[in-house]
Amino acid sequence: MERGEQFNAGVVLYCRAKSFVAARTHLDEAKLRALDPAADAAGVRAALRAVEGVCAGGDAAGQAAGDDPGRRFRWLIAPRSTVVQPGPVHTGLTADPAAEVERLVELLVR
């Protein structure tokens, strides 16, 4: 983080019209080790799972469980000073947000 190096490890998609928020993540451990051989891969994976849990809602969302999808999305995209950080938000249109989040994680992450 100190050097500003980063790579995509997931996608979060929010669709207000369908009250939908979801995250799909994938940690490329080789990329992580290339940036920092001493990186805590298990810790990064846990942080990525937490993002997916907040999107899923329910008990996995912790304190955000009662929040609507839009509020959970806004919480996830807020800047933070941790190893797992949100990137810029992009807009778009889709008729099928569940399929789109899968397409985007394949295109941008894997």
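Flag: ASP28 matches the condition of being at pLDDT 95 or above and either in contact with a Lys or Arg (Cβ under 6 Å, 6 or more places away or on another chain) or not aliphatic (A, V, I, L, M) (or both). Checked against the criterion of being surrounded by 11 or more Cβ atoms within 10 Å (Cβ to Cβ), in contact (Cβ under 8 Å) with a residue 12 or more places away in the chain and among the acidic types (Asp, Glu), the candidates GLU5, GLU106, GLU29 yield just one match: GLU29. Taken over the range 70-110, residues that are in a helix (DSSP H, G or I), more than 14 Å from ARG24 (Cβ to Cβ) and over 14 Å from the mean Cα position of the chain (by Cα) amount to 2. Taken over the range 51-69, the residue count meeting the criterion of being small (Gly, Ala, Ser), part of a helix (DSSP H, G or I) and closer than 15 Å to LEU13 by Cα is 2.
The number of residues in the range 32-48 being under 14 Å from LEU76 (Cα atoms) and either touching a Leu at 6+ places or on another chain (Cβ under 7 Å) or loosely packed, with under 15 Cβ neighbours inside 10 Å (or both) comes to 1.
The values are calculated or read from the model by the stated rules, or taken from the named source; none is laboratory data. On a predicted model such as this, the values are computed, not experimentally measured, just so you know. All Cβ positions, glycine included, derive from the backbone under ideal geometry; neighbour counts span all protein chains shown.
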